[in-house]
Amino acid sequence: MKLIDNWRQAWRFVSVQAMTFAIALQGVWLNLPEDLRTHVPDRLAATVTAGILLLGLIGRLFQQRGADGTTLR
């Protein structure tokens, strides 16, 4: 296994940002007090997380540009 050439810029990838957001969302959900969680259906948190991950997967398929205009791979 080998790292990609521009691994230091991986945080700019839509896929990495989506996965990070999905992990953060699940962390927040798990740490919410039980009385707050009862007001939101469990299925909603799972559906939103799956949607974010799907957008990240789609984002990975497209070539992206960095802040300086160079192509990220």
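The values are calculated or read from the model by the stated rules, or taken from the named source; none is laboratory data. None of the values given here were measured: they were computed from a predicted structure. When we count neighbours, we look across all protein chains shown, and the Cβ atoms used for this are built from the backbone with ideal geometry, even at glycine. Only protein heavy atoms, including side chains, enter the accessible area calculation; ligands, DNA and RNA are left aside. Shrake-Rupley method; radii C 1.70, N 1.55, O 1.52, S 1.80 Å.
One table, with the values for the structure above:
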{"quantity": "Using alpha-carbon coordinates, inclination of helix 14-31 to the longest axis of the chain, degrees", "calculated": "20 degrees"}
{"quantity": "Region 1-31 versus region 41-61: alpha-carbon centroid distance in Å", "calculated": "13 Å"}
{"quantity": "Helix 42-60 axis, angle to the chain major axis (alpha carbon atoms, nearest 10°)", "calculated": "10 degrees"}
{"quantity": "Dipole of the chain [Lys/Arg +1, Asp/Glu -1 at C-beta], most positive-end residue of Ala46, Ile4, Thr20", "calculated": "Ile4"}
{"quantity": "Residue-normalised accessible area of the chain, expressed per residue, 1.4 Å probe, Å²", "calculated": "82 Å²"}
{"quantity": "Where only C-alpha atoms are counted, convex hull volume of region 1-50 per residue in Å³", "calculated": "97 Å³"}
